[in-house]
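K.L.:
The structure's right below; bear with me while I get my questions together.
The values are calculated or read from the model by the stated rules, or taken from the named source; none is laboratory data. This structure is a prediction, so every number in the text was calculated from the model and none was measured. Ideal geometry is used to build each Cβ from the backbone, glycine not excepted, and the neighbour counts take in all protein chains shown.
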Amino acid sequence: MKWLNWGAAALLLTGGVAGVVAWGGFNMAMEASNKTEFCISCHEMQGAMYAEYQKSPHYTNASGVRATCADCHVPREWGPKLLRKVQATNELFYHLRGTIDTPEKFEAKRAEMAGHVWASMKATDSRECRNCHSWEAMDPHKQTPLAREKKEEGRKKGETCIDCHKGVAHKLPKRDD
């Protein structure tokens, strides 16, 4: 330890402590931004999105299990979560520009925004859905015959949750066709 003087040791220790504190603060901010209260802090989300979610089975259901915004829109794994948070900074840019700051503007962009979410879910094989729902945990005998048939058909075709379950927590956008 002769090569390490006390000044260097103090600097190394201070840097290590600062790194741990910075990492902890960063992680706390990541987790705080996963709270529903954070998600609906923008008035755009307080309106249509939050009200629609409150009427959905993801908010109130017989089992009493509630999915939060982050459960559906933020991956649990650290790497994909960080990537999603970086992508969300783009959403903040549009918020600050007022791109969807009125109900009319929001509705005009709803199909485009939903399309981005659906494409992401499709690309990840509905990863966030599968945090709570899994083929193995489903009891097909408690499903309607039509639901059971459609799920099995979709499974055989390699479809994912979002292929059939668009509009589960939010209303579907108006179609132009």
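K.L.:
Say we look at the range 1-44 and pick out the residues that are aromatic (Phe, Trp, Tyr) and modelled with pLDDT under 85; which of these is farthest from Cys69 (Cα to Cα)? Reasoning before the result, please.
P.N.:
At the first step, the residues of the range 1-44 found to be aromatic (Phe, Trp, Tyr) are 3, 6, 23, 26, 38.
Going one step further and asking which of them are modelled with pLDDT under 85, we end up with 3, 6.
Working: Trp3: 53, Trp6: 49 Å.
The residue in question is Trp3.
K.L.:
For the range 4-21, indicate whether the set of residues that are under 30 Å from Cys161 (Cβ atoms) and without any contact (Cβ under 8 Å) to a residue 24 or more places away in the chain is non-empty.
P.N.:
Our first condition is that a residue be under 30 Å from Cys161 (Cβ atoms); within the range 4-21, this holds for none.
No, the conditions are met nowhere in the range 4-21.
K.L.:
Something else now. Residues in the range 76-90: is at least one surrounded by 11 or more Cβ atoms within 10 Å (Cβ to Cβ), touching a residue at least 40 places away in the same chain (Cβ under 8 Å), in contact with a Pro (Cβ under 7 Å, 6 or more places away or on another chain) and among the basic types (Lys, Arg)?
P.N.:
Within the range 76-90 (the criterion being surrounded by 11 or more Cβ atoms within 10 Å (Cβ to Cβ), touching a residue at least 40 places away in the same chain (Cβ under 8 Å), in contact with a Pro (Cβ under 7 Å, 6 or more places away or on another chain) and among the basic types (Lys, Arg)), the answer is yes, since at least one residue qualifies.
K.L.:
How about the range 92-177: which helices (runs of 4 or more DSSP H) wholly inside it have at least 2 residues that are surrounded by fewer than 12 Cβ atoms within 10 Å (Cβ to Cβ), in contact with an Asp or Glu (Cβ under 8 Å, 6 or more places away or on another chain) and modelled with pLDDT of 90 or more?
P.N.:
Numbers: elements: 103-123, 127-130, 145-157, 161-164.
No helices (runs of 4 or more DSSP H) qualify here.
K.L.:
Continuing with this model, one more query. One residue is enough: does the range 142-159 have a residue meeting the conditions on the phi < 0 side of the Ramachandran plot, charged (D, E, K, R) and in contact with a helix residue (DSSP H, G or I) (Cβ under 6 Å, 6 or more places away or on another chain)?
P.N.:
Within the range 142-159, the subset on the phi < 0 side of the Ramachandran plot is 142-157, 159.
Then drop every residue that is not charged (D, E, K, R), which leaves 142, 148-153, 155-157, 159.
Those left that are additionally in contact with a helix residue (DSSP H, G or I) (Cβ under 6 Å, 6 or more places away or on another chain): 148.
Looking through the range 142-159, at least one residue is on the phi < 0 side of the Ramachandran plot, charged (D, E, K, R) and in contact with a helix residue (DSSP H, G or I) (Cβ under 6 Å, 6 or more places away or on another chain).
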